[in-house]
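Trainee: Starting off with a structure, shown below.
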Amino acid sequence: MSWHPQYRSSKFRHVYGKAASKDKCYDCVPITRSVHDNHFCAVNPSFIAVVTECAGGGAFLVIPIKQTGKLDPHYPKVCGHKGNVLDIKWNPFNDFVIASCSEDATVKIWDIPNQLLKRNITTPKKELLGHARRVGLIEWHPTADNILFSSGYDYKIMIWNLDVKDTVLSKPVKILDVHKDVVLSMSFNTDGSLLATACRDRKIRVIDPRAGTVLQEASYKSHRANKVLFLGNMKKLFSTGTSWWNNRQIALWDQNDLSVPLLEEDLDGSSGLLFPIYDSDTHMLYVVGKGDGNIRYYEISPEKPYLNYLMEYRSHLPQKGIGMMPKRGLDVAACEIFRFYKLIPTKSLIEPISMIVPRRSESYQEDIYPLTAAAQPALTAQQWLNGINKGPLLVSLKPGSGATTSLPQFLDPETSTKATDLSQQEQEGEGGQMSMEDEQEPREIKGGRKRLKTEETLPKNKQICLSNGFDIFECPPPKTENELLRMYFRQQEEIRRLRALVNQRDVQIKQLELELRNLSMDTDNY
C-alpha cells in the first residue's frame, strides 16, 4: 500500500487575500441595485468601470484606476442607454474602448478619453442593433481583434465584427440560434475556437461559433448550472450552480464528454450565485459568492483529484459584483498574482483585494509569473472569421520588459506591426511558451547591433544615454509608487549587469598578467 502525503507540494499553498486600506478604496460610488446576475464591474490597468444607478435610463461610471478615495457625487457618467445597463466589458486589446449592453436591446461601444472625464458621455462610437429583446451578456473574443459576442433574452447569440467604418450595425456576421431559453453564461477556450454556454434550460453546451453547431451538450439532471468556464488548455469545463436540494454546487467536466461530471461537490446552503474565475497562468480557480464576503480558491491539476482546495478569503462585507484586474496590471514587486475589485453596495464602496504569494525575496519571482497573454491581438477579425485559430500572444511581466501596457489609442501602424511581430517571436517555440533564458543571448546580440546602428546614425551634437536599450533622459519621472519600484528594479538589474562585466574584465586582466609573468620567466631561463 503506497503512502500519500496529506499535503501536496504547491507554491500557491500559502496564498492569502489582503484587502486594501481605506485610502486605496473607491468610496461613495452609487452601485447599481439591479438583481441581474452579472459582475457589474470591469477593470483594466487604466480604468475601473462600474454600473451605477441612474434616473431615466442606464449608466455606468469610468474612474481612473489611480483616483481612489471619495468620488465626487457629480462625477460624469457614460449614459447613452435608455434602459438599465446589464453588462460591461473592456476591450482586451485597447484600454480606452469599452462595450456595454442594456435592457433597451442594444449593445454600444464607447471611446473613453485618456484624460479625466469633465462631462457625461452620451454618444457611442458604435451601436449594435440586432436583438429583439434585452441583451444580458457580452464577451470580447480572447485573441481576435474587434470581435464581440452578445447574448439576449431572444435566446440568440450574435457575433459582431466591429472592424468596419459604420457607426450603426444592424446585421451581425453570425447568429447562433441553438438555445431554447436564456443564456446565463458564456466562456471561450484559450484560442477562442470554442464557446461554452450555460442556459436556463439547465444544459451546458460546447459550440463551434463559426459553424454554429453544438459539439457537446450536457443534460445531467442533478446539477443545474448557472455559470460555466473553460479551464484554459486543460480540456475541461468548470460550472457552478445548484443541486436538487438547492445547495450551492460546483462541478468539473471533460469538454469532450459532458454526459457525467468528473467531479461534483456541494459547498453550502446559501442562495447567492457563485462566480467562477480561472487564472490559466497559475492554474488557480477562484469561486466568488454573490451575497456573501467569501472567495474560495483552488488549484487545478490534470490528474485526479483535479480540484485541490487551497484556502478561503473571508469578509463580513457581502459583495454584489466583482471585477478582475488583468495580469499586466498587477504589482509583481509585492508578489501579487491576482486582484479583485469587490462591489459593496451597502457601503457604496469598491474594495480591492490582492491575492499574494508570501515571499521574502524582493527580486522578480519568475516561477509565479509565467508568460501571460499580451495586450495585442493575435488575429484580425477577418482572419478569425475565415477559420484561422491562434493562441494569445505571450509576454513577460518582468519589470522593464515594456510589455505590460496595451497599445496606445493613436498608434502608428508601423509601431503596431513591430510590437505584434515581437510578441509573435516570443510565442514561437514549445507550443507558444518559449524559455526566456534560451532567447537571452541572441536578443542581447541583436540589441548590441541595434545600439551600434543607433550610435552611428546619431548627430554628433546630440548627447544620448542608453541603458538596457532605452533613453534615460526621455523617460518621464515616476509618478506612482509602482512606477518608482519598477524603475528601481530596472536600475538594480543594470547595476548587477555592470558589476558582472567589471568582474569579467578583472578576471581577464589577471589572466593576462599571469601570461606575461610566465613569458618573462621563460625568457629569463633562456
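The values are calculated or read from the model by the stated rules, or taken from the named source; none is laboratory data. If you're wondering where the values come from, they're calculated on a predicted model, not measured in any experiment. Note: ideal-geometry Cβ built from the backbone for every residue, glycine included; neighbour counts use all protein chains shown. The area values use the complete protein model at the heavy-atom level, side chains included, leaving out ligands, DNA and RNA. Shrake-Rupley method; radii C 1.70, N 1.55, O 1.52, S 1.80 Å.
Trainee: In sequence order, what are the phi-derived ³J(HN,Hα) couplings for the range 24-36 according to the Karplus relation 6.51 cos²θ - 1.76 cosθ + 1.60 with θ = phi - 60°, rounded to whole Hz, with x for glycine and proline?
Mentor: 9, 8, 10, 9, 6, 9, x, 6, 4, 9, 4, 9, 5
Trainee: Averaging over every viewing direction, what projected area does the convex hull of the Cα atoms of the range 16-368 cover, in nm²?
Mentor: 17.4
Trainee: Roughly how many Å² of VAL178 are accessible to a 1.4 Å probe, to the nearest 10?
Mentor: 40
Trainee: So, one more: Which value in Å does the Kirkwood hydrodynamic radius of the range 237-333 take, with 1/r averaged over all unlike C-alpha pairs and then inverted?
Mentor: It is 14.6 Å.
Trainee: In debye, nearest 20, what is the charge dipole magnitude of the range 188-290 about its Cα centre with +1 on Lys and Arg Cβ and -1 on Asp and Glu Cβ, if you could check? Numbers along the way, then the final one.
Mentor: Numbers: 12 positive and 12 negative charges, 84 e Å.
The calculated dipole for the range 188-290 is roughly 400 debye.
Trainee: Out of all Cα-Cα pairs in the range 1-95, roughly what percent, to the nearest whole number, are more than 23 Å apart?
Mentor: Roughly 42 percent, once rounded to a whole number.
Trainee: Another question about this same structure. Roughly how many debye, to the nearest 20, is the charge dipole of the range 16-368 about its Cα centre, given +1 on each Lys and Arg Cβ, -1 on each Asp and Glu Cβ, and no other charges? Kindly include the intermediate steps, with their values, before the conclusion.
Mentor: Working: 44 positive and 40 negative charges, 181 e Å.
With Lys and Arg at +1 and Asp and Glu at -1, about 860 debye.
Trainee: What is the log10 of I(q)/I(0) for the range 183-266, computed with the Debye formula using one identical point scatterer on each Cα and no solvent, at q = 0.20 Å⁻¹?
Mentor: -0.81
Trainee: Among LYS70/LYS156; LYS70/LYS125; LYS18/LYS304; LYS180/LYS290; LYS89/LYS165; LYS77/LYS235, which pairs are too far apart, with a Cα-Cα distance over 32 Å?
Mentor: With Cα atoms farther than 32 Å apart: LYS70/LYS156; LYS77/LYS235.
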